[in-house]
Every structure is written in C-alpha cells, then in structure tokens.
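The values are calculated or read from the model by the stated rules, or taken from the named source; none is laboratory data. If you're wondering where the values come from, they're calculated on a predicted model, not measured in any experiment. Cβ: placed from backbone, ideal geometry, glycine included. Neighbour counts: every protein chain shown. Remember, those area values only see protein heavy atoms, side chains included, never the ligands or the DNA or RNA. Shrake-Rupley method; radii C 1.70, N 1.55, O 1.52, S 1.80 Å.
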Amino acid sequence: AVEIYIAPTYDSGDGWIGSLQHIAREGGCWVVGCGNLMQGSDIPEDFPEKSVLYPDENEWVNPGDSIVIAPGGEVVAGPMRQEGGILYCDIDLDKVVTARRALDVTGHYSRPDIFKLQVNVQPQSPVEFNEQISD
C-alpha cells in the first residue's frame, strides 16, 4: 500500500490542492505535491512571441503550490505559492496506520457475501461487425 504519494505536476491552485487532500484522505497516505514554479523571466528570450505572451518578466506563469498533506487531508507544510525554495516536513508514517483505521477503502467495505467480481479472461474484440443492414 502507498504510504507516501508523490505528485509532481504543472497544476496549481485551490482545486489542485483539494484534489491532493482528497487523495490523502481516501488513500490514508502522505501526499507531497511538487509544484512547478515559473515566472516570465524564466522563459528564454528567444521563445517565439515572448514579449507578446509574457511582457512582464515578473508575471507568474505558474505559482508553484508545492505542499505536504498528512493522511486525513490536513495541510502540514505549504503551499509554497509564488516563492522559490525548499519545503521541509517531518513525515510520521505511524499516521498512515491511524488514518487507515478511520477509512479502510479495501477492508471493511469488502462484502464477498453480497458482491462478486468475475473477470472473463478469454480474448475479446473491441469491435463487433454486423453485416445485416436494417432500414
């Protein structure tokens, strides 16, 4: 089972942070979001149309939003928004065990007495051709 989920991404913002919190809550794991920080000044001068697209060298193309989220969804470090640096956090793996007792997505919801998964392992075709034409 995953204990530390690493999420390197170009995504950012409150919606993305909410997604990472959901992963932490449902997965009962630590989530480390590694954001991509970029300003207009980071774009090479020979980038086509740079002066049109990013006329302000200080404009934030992506604010970063690196973050660490504990099992259960609590933000414990970050988000680092519009600032460069290194985000540090002590991770206690014992919290994973505790979180999984609160929400066990594969354990106590498992009901083989009423639900059963059957998998047809025979080769299948994704397309079925029918030569009969109807009006």
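Taking every DSSP beta bridge that has both residues in the chain, what percent is antiparallel when rounded to the nearest 5?
Here the share of antiparallel DSSP bridges comes out near 65 percent.
Enter the angle in degrees (range 0 to 90, nearest 10) between the Cα long axis of helix 14-27 and the first principal axis of the Cα atoms of the chain, meaning the one along which they spread out most.
On a 0 to 90 degree scale, this one is about 40.
Just how large is the dipole of the range 1-125 about the Cα centre, in debye to the nearest 20, putting +1 at every Lys and Arg Cβ and -1 at every Asp and Glu Cβ?
In total the dipole reaches around 960 debye.
Could you order peptides 66-78, 40-52 by the average number of other Cβ atoms within 10 Å of their residues, highest first?
Put in order of decreasing packing, that is 66-78, 40-52.
Counting only protein chains, not ligands or nucleic acids, how are 80, 38 ordered by accessible area (probe 1.4 Å), most first?
So the residues, ranked largest to smallest area, are 38, 80.
Toward the positive end of the charge dipole of the chain, about the Cα centre and with charges on Cβ (Lys, Arg +1; Asp, Glu -1), which of 78, 6, 115 goes farthest?
Positive-end residue among those listed: 115.
Starting from the Cα-Cα distance between residue 113 and residue 131, subtract it from 0.36 nm times their residue separation and give me the gain in nm to one decimal.
Full extension of this stretch gives 2.2 nm more.
Between beta-carbons, use under 11 Å as the cut-off and find the net charge around residue 62, counting Lys and Arg +1, Asp and Glu -1.
-3
Cα gyration tensor of the chain, axes a ≥ b ≥ c as square roots of the eigenvalues: rounded (a/c below 1.5), prolate (a/b > b/c) or oblate?
It is oblate, given that a/c is not under 1.5 and a/b is not larger than b/c.
Given a 1.4 angstrom probe, I'd like the percentage of the accessible area of the range 1-73 that is carbon and sulfur, rounded to a whole number.
Carbon with sulfur: 53 percent of the solvent-accessible area.
Can you tell me how much longer the chain between residue 98 and residue 22 gets when fully stretched, taken as 0.36 nm per residue apart minus their C-alpha distance, in nm with one decimal?
Stretched out fully, the residue 98 to residue 22 stretch lengthens by 25.7 nm.
Please give the per residue accessible area of the chain, computed with a probe of 1.4 Å over protein heavy atoms only, in Å².
Normalised by residue count, the accessible surface of the chain is 74 Å².
Once the piece of chain linking residue 45 and residue 60 is laid out straight, how much longer is it, given 0.36 nm per residue of separation minus the C-alpha distance between them?
3.8 nm
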